[in-house]
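One structure below.
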There are 2 protein chains.
Amino acid sequence: MKIITAQAPVNIAVIKYWGKKDENLIIPLNDSISGTLSMEHLCATTSIAFSNEFDSNRMWLNNVEVKIEDNKRLVRCIENVRKLAESTIGWPSDHHIRICSKNNFPTAAGLASSAAGYACLCYALCKLFEINDPKIISSLARLGSGSACRSIYGGIVRWIAGYDHQTSIARQVITENEWPEIRILVCVVNDHRKDTSSTFGMQLSCQTSPLIKYRAEHVVLEHCDQITKAIMERNFEKFAEITMKDSNQFHAICQDTYPPIRYMNDISWSIVNLIHFINNLFGYNVACYTFDAGPNACIYCLDNNVPILIKSIRRMFQKSDGTELAINGITYQTDQINIDQKLCDYIDIRKRMGDDLKYIISTRLGSGPKILSNQYDSNCLLSANGLPKN
Amino acid sequence: MKIITAQAPVNIAVIKYWGKKDENLIIPLNDSISGTLSMEHLCATTSIAFSNEFDSNRMWLNNVEVKIEDNKRLVRCIENVRKLAESTIGWPSDHHIRICSKNNFPTAAGLASSAAGYACLCYALCKLFEINDPKIISSLARLGSGSACRSIYGGIVRWIAGYDHQTSIARQVITENEWPEIRILVCVVNDHRKDTSSTFGMQLSCQTSPLIKYRAEHVVLEHCDQITKAIMERNFEKFAEITMKDSNQFHAICQDTYPPIRYMNDISWSIVNLIHFINNLFGYNVACYTFDAGPNACIYCLDNNVPILIKSIRRMFQKSDGTELAINGITYQTDQINIDQKLCDYIDIRKRMGDDLKYIISTRLGSGPKILSNQYDSNCLLSANGLPKN
């Protein structure tokens, strides 16, 4: 009997992954780059137990049982680990696993939880079977959910598109300590629409968008190289510009898809326009936005500019009960911050009433996955009988 | 003393013009194709008087005087006509013109009125000086506002991008009588935002969008050829598909511009999604949407499908005072029309309350510009003293 409990982080891409050249192996059309967020504020936690006392493999996600055999990607991750385990501790045929996984952030928030989830599952599974090469863990996570391969490293991470299972892996660009001033504000939009899933959306884009191939072949590599240079030089100005351009182009590809896909709504756009107004007013890039396959804005900025951004966003998005928009995560003093009159005027005529934003998660770059425990303890999500604790 | 009063139509592009290769001559990056709308419902009317009794050239647009010399494009149109007049009736140096122009549709509607306006001005001016070659009139209108060159012909019109002043002209694809079933529903969105002007927007796209050149060089010609074939074959199914794809791609280019330009808002998108839902439900393209540089939807469809579309749009967009959304233009009986239950359910959960649409203009394809009168009469917008009548 072996047991392990691990945590893995969420990542937010600044150069977007959209479209696969191999659907089965999840080989993307182009490289992508993301920031790994601190697990203090956003993470997945997974416990895996391995024993001959279990009669079958079973899994629970956020307290609901998931049928493993119905999920091709889950089966693929487990089967690949089983094969690799032959050269480590082995996987006797009378042994089975129990998996229990949870997120520490609301799943209803529409944040890409599958990246953290698959990174955590594959990391825990590999560690359980003493498979320690991060390249192998990254490529296994990719088989679960493409962008999960980036959550295997902390700091800023590049997923090299590659051409097969071994070459399509993530690599760290810098650690979280090498650019400590970076902050991320995740603005969670109150949105009830069911969005087009990423998997379906990117398939449709590949099939119907005349522009996606041009983006993949002629634009993204340049974006990757420019932003890598900007990261190396801690040039936030350039980092922000490329981030916004790449997010915009990803959504342009969605719009060029047939039927068109829309993830950004009027609320998302009010944040886009606010950021451009602030950057223009200050004369430099105070912040940049990036949007994944949903309406939530992720704002990258430097530590010293968080208070003015929070103050501006709070002024723009009024709560209907009169309270201030909640900021979860890193706290800031904003009482002493004064907003320029021009910015006040801009916001006041565009003010949105009525809970368009749920809350903001204020966080920083963080490390890659970690092992919380190797035994049955309070961290473990499974009880000794291989069932979820709750 | 000579006087003329002319009318010219609005046109709505199905293959979009966006971006110039020559800013001065208004030579576009690519060909474009549009439907000319019936002047019964949407048109510009212009009266021009020419006399040695006037001491200067003056102009009024919708009852407000416009300083001609401040408007480079206006000067360019007039100067070009003056030169051409040398070989016709001449333009003695002691003669001046008075121009009075009006639209029969609300300018606040955000409908591209400059195309109709410049087409009308150039048509009237040319006719006044006995310049009758439509190619010349079309290229002059282009110097005023690019897409105005298409309003010189009725039916469906293609603007050949060309490479200089003579070659960048519009040509008729079919007359309005050759596909009489075509209908256009202009859905006027209640929107108070000031949009990015087309002139500025397309300059910014050319300067910053990596995708615009690819669109112009590799996609639009194919769209033009495919849609021309569909028009020739009266194949509405294909016509609709290409129209939607081209509109989507134009807005993708806007999104890929830096900073990004957005013309379509949540209201626009609710119409996009409704049209795709209806097409999908019926199993063929009942209608297609196209959006210019603003949030208004223009829906192309065939005559027999207008009632179901009107009924659906009216159900989706409720007026806050309980009355039904107004339909101007061609009237239809919709009392007997039943909406499929699935469509009702779709609409009911997406219903928009609160006057998001102002009204719909229901129209058909129409003819090119025409002369209303060659004398001072009730059609004339100017009085005998060369000042506006009102």
In percent, what relative contact order does chain B have, based on Cα pairs under 8 Å that are 6 or more apart in sequence? 24
When the Kirkwood radius is taken over all Cα pairs of the protein assembly as shown, what Stokes-Einstein diffusion coefficient follows at 20 °C and 1.002 mPa s, in µm²/s? 74
Add +1 for every Lys or Arg and -1 for every Asp or Glu among the other residues with Cβ under 15 Å from the Cβ of A:Arg142, and state the total. +3
DSSP loop chymotrypsin sites (Phe, Trp or Tyr not before Pro) in region A:97-179 with at most 16 other Cβ atoms within 10 Å of their Cβ, which ones? A:Tyr163
Lys and Arg at +1, Asp and Glu at -1: neighbours of A:Trp179 with Cβ under 11 Å from its Cβ sum to -2
Per DSSP H run of at least 4 residues, take -39500 (n - 2.57); add these up for chain B, divide by its residues and hand me the 222 nm value, nearest 500 deg cm²/dmol. -10000 deg cm²/dmol
Exposed GluC sites (Glu not before Pro) absent - longest run of chain B, DSSP non-H/G/I/E/B, at most 14 other C-beta within 10 Å: B:234-323
Specify which residue in the list A:Val81, A:Val10, A:Met316 is farthest towards the positive end of the charge dipole of chain A, using unit charges on the beta carbon of Lys, Arg (+1) and Asp, Glu (-1), about the Cα centre. A:Val81
Efficiency of FRET between B:Lys135 and B:Thr199 - r from beta-carbon atoms, R0 25 angstrom, step 0.05: 0.55
Would you tell me the mean number of C-beta atoms belonging to other protein chains that fall within 10 Å of each C-beta in B:245-251, as a whole number? 5
Using a label point 7 angstrom from Cα along Cα-to-C-beta, what distances in nm, from shortest up, separate B:Arg234 from the other copies? 7.2
Evaluate E = 1/(1 + (r/R0)^6) for B:Val66 and B:Leu281, where r is the Cβ-Cβ distance and R0 equals 51 Å; express this FRET efficiency to the nearest 0.05. 0.60
Want the number for B:Lys238 to B:Asp321: 0.36 nm per residue separation, take away the alpha-carbon distance, what's left? 25.9 nm
Under the classification rounded if a/c is under 1.5, otherwise prolate if a/b is larger than b/c and oblate if not, where does region A:299-353 fall, given a ≥ b ≥ c as square roots of the Cα gyration tensor eigenvalues? oblate
Net charge around A:Glu69, counting only other residues with Cβ within less than 13 Å of its Cβ (Lys, Arg = +1; Asp, Glu = -1)? +2
Please grab the % of Cα pairs in region A:182-364 that end up more than 25 Å from each other. 38
For a quick check of your reading of the filter: which trypsin sites (Lys or Arg not before Pro) in region A:1-109 sit in a DSSP loop and have no more than 10 other Cβ atoms within 10 Å? A:Lys67
Extension gain (nm, one decimal) between B:Lys83 and B:Glu181, 0.36 nm per residue minus Cα-Cα: 31.1 nm
Please report how far the C-alpha centroid of region B:334-378 lies from that of region A:307-379, rounded to the nearest whole angstrom. 43
Just to verify a number: FRET efficiency for B:Lys342 and B:Ile160, C-beta to C-beta distance, R0 = 25 Å, to 0.05? 0.05
Per-residue average of Cβ from other chains inside 10 Å of A:276-283: 1
Over chain B, the quotient of the Cα radius of gyration and 2.2 N^0.38 Å is 1.00
Within 10 Å of the Cβ of an average residue in A:201-210, the count of other chain Cβ atoms is 2
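Throughout, read-outs are computed from the coordinates displayed, never taken from laboratory work. Here the structure is a predicted model, which means the values were calculated and not measured. Backbone-built Cβ (ideal geometry, glycine too); neighbour counts: all protein chains shown.
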